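Take a look at the structure set out below.
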Amino acid sequence: MAKRPSAPAVPRKRLTVTDYTLFAGVIVLIFFSIYRVNDVLVYNWNWQRVLSFVVRFDPETGSYSANLLWYGLMTTVRLAFWATVLAAIIGLIVGYWRTCNNLTLRIISRGYVELIRNIPPLVFIFIFFFFISSQIFPALGFDNIDRESVLVDNVLFRIFFGDVRLFSNFLAGVLCLAMFEAAYIAEIVRAGIQSIGKDQWEAARAIGLSRFNVLRDVILPQAGRKILPPLAGQFITLIKDSSIVSLISIQELTFLATEVASSTTKVFETWILVGGMYFCICFGFAVLFGWLERRARRSFK
Amino acid sequence: MGEQIEKPLVSISGLSKWYEDFNALHEINLTVSMGEKLVICGPSGSGKSTLIRCINQLEAHQKGTIIVDGLEVTPEMKNLEAIRRDIGMVFQNFNLFPHKTILENLTLGPIRNRGVSLKDAEVLAMQYLEKVQIAEQAHKYPAQLSGGQQQRVAIARALCMTPKIMLFDEPTSALDPEMIAGVLEVMVQLADEGMTMICVTHEMGFARKIADRIVFMDEGEIIEIATPAVFFSAPESERAKLFLSQVLGH
């Protein structure tokens, strides 16, 4: 074979004048805002005061200890964690039911999704919270848990569920959030399952797999890879939506930040700090999902 | 073959199927004996695929009976899995599982349906991969293989269940011309080993070579059944004559 010329070099991507102009514009805008806040509003910044609500220095013992905002952050992380787990489970089941041949399951799942999707989150949470906290929890005995019990009085419980005294309150928040987000996850799961062609079902059924095994071994692994990006978006939405449950007095980050902001009157610092905290959790999640996506793509081909 | 052919493995009688109002199959009667090779041909839309898909119940029929290896197959039956393990099927578009390696594609059925251990399933799978000459690609993914190779893997996947009968649904129709020979070679080899086969195909050369009987279908009915010698030289019906002139003419 005659020697052929090698491929021409691809020019490297460089930032152009337009890009630099845009960047400059953004920087000017930021400095202008800072200038407005400093000179026009004459705002007296005091980060120290707000930061002390994250970690407090106790002059008497000479040691640092966690304070309100830190507790709030931890509650938000716990809330997001359990709500994500629960929402994923409910969403998977309801999403699968949406694709079933069984009419009853389809009606139930469709009803669930439509009911929740078409009510504003806040309204749903108010209705649901007052229903479960006034009816279900007393019936289940969550309101009078024995605080001395070995089951709840240990480190693991505190790491995963926080303060025992606030447990029923916390659980209500988790349930509200999970039920709410599950409706959206169910729709993503349904789309994922339906995106896998009928031929995959047939091939798997033809080698004698049961419906459950087809779903587990063939459909869900493929659907899972496809729905990773929208699922990541939904989980990040869930973390951000967790701030709504501050309105039913769940003592998470937004709830405590409201208290800190009003008691210190340092509104800007508090909310910028809290915004930064939410950003870190959500961005961490986005990075994690980005990694999962790359991994999934690699194993495919 | 002789005595093998006496025992019916599949017997279909009075089979009818409708898609909504469209009558896809009308009063089909057909028996397939152990070790017999049947080729079903006919114009597109004549119900060939629907017929063989009813045998393993990928399509539910509304009327008539299908008996496979002494068991009646009905859409209502609970353990279709038990029937399907005995019926291997190869599809037009291979339908391999793209997220699993070639080896995993083969071992899935035996592990899940027959409860074979992973190790035993892999040994079995490698035997069949060697048979279809894909053994060295065992750890690749389906998308890395050519169409012909993928179809040979699909045949091996079906064989891994050690079926009593193999159904082929236009196995070469989606292949590039140069890939067809390799797939047909595997099918001929399988026929020579005495596998009971029902093939829907347009490969008339292949049909002539391996078929015991040729079933010609049109508009959801069996028009005629004949040996290849008779069918290709002196078909009875006008429709079969027309069909043959079209497939053999070009």
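Mean 1/r over all different Cα pairs, inverted: what Kirkwood radius does the protein assembly as shown give, in Å? Before the final figure, lay out each step's value.
Numbers: mean 1/r = 0.0344 Å⁻¹.
Mean inverse Cα-Cα distance, inverted, gives 29.1 Å.
Just the accessible area per residue of the stretch A:68-300, please: how many Å² with a 1.4 Å probe?
Here the per-residue accessible area is 49 Å².
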| note | Across the alpha-carbon set of the stretch B:133-250, Rg over Rh with Rh taken as the Kirkwood radius works out to 1.01
| How much of the accessible area of the protein assembly as shown, in percent, comes from carbon and sulfur atoms when a 1.4 Å probe is used? | 60 percent
| request: Just tell me, in residue order, which DSSP H segments of chain A are both 18 angstrom or longer along the helix axis (alpha-carbon based) and at least 0.5 in mean Kyte-Doolittle hydropathy. | output: A:17-35, A:68-99, A:103-117, A:167-195, A:267-300
| task | List every residue whose amide H lies under 5 Å from the amide H of residue B:40, counting only residues 5 or more places away in sequence or on a different chain, with H placed 1.01 Å from N in the peptide plane. | result | B:199, B:200, B:201, B:215
| Using modelled backbone amide H atoms (1.01 Å from N, in-plane), which distant-in-sequence or interchain residues come within less than 5 Å of residue B:28's amide H? | B:14, B:15, B:16
| task | Would you mind estimating how fast the stretch A:144-220 diffuses translationally, via Stokes-Einstein at 25 °C and 0.890 mPa s with the Kirkwood radius over Cα pairs, in µm²/s? | result | 152 µm²/s
| field | Amide H contacts of residue A:249 (H built 1.01 Å from N, under 5 Å, at least 5 apart or other chain) | value | none
| said: Beyond 22 Å, how much of the Cα-Cα pair distribution for the stretch B:1-118 remains, as a whole percent? | reply: 45 percent
| message | List the trypsin sites (Lys or Arg not before Pro) within the stretch A:1-70 that DSSP assigns to loop and that have no more than 10 neighbouring Cβ atoms inside 10 Å. | response | A:3, A:12, A:13, A:14
| When all C-alpha to C-alpha distances in the stretch A:197-269 are sorted into bins of 5 Å, what percent of pairs does each bin hold, rounded to whole numbers? | 3, 13, 14, 11, 10, 8, 8, 7, 7, 7, 5, 4, 2, 1
| message | Let me understand the stretch A:68-300 better: what is its radius of gyration from the alpha carbons, and its Dmax, in angstrom? | response | 20.1, 68
| task | Let me know the number of lysine pairs in chain B closer than 18 Å at the Cα, not counting same-chain pairs under 8 apart. | result | 13
| remark: Checking the stretch B:138-221 for GluC sites (Glu not before Pro) in a loop per DSSP with at most 12 other beta-carbon atoms within 10 Å yields B:193
| query | So what are chain B's ellipsoid semi-axes, whole angstrom, largest first, if each one is the square root of 5 times an eigenvalue of the alpha-carbon gyration tensor? | reply | 29, 22, 17
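The values are calculated or read from the model by the stated rules, or taken from the named source; none is laboratory data. Bear in mind that the values here come from a model prediction, so they are computed numbers and not experimental data. Cβ: placed from backbone, ideal geometry, glycine included. Neighbour counts: every protein chain shown. Only protein heavy atoms, including side chains, enter the accessible area calculation; ligands, DNA and RNA are left aside. Shrake-Rupley method; radii C 1.70, N 1.55, O 1.52, S 1.80 Å.
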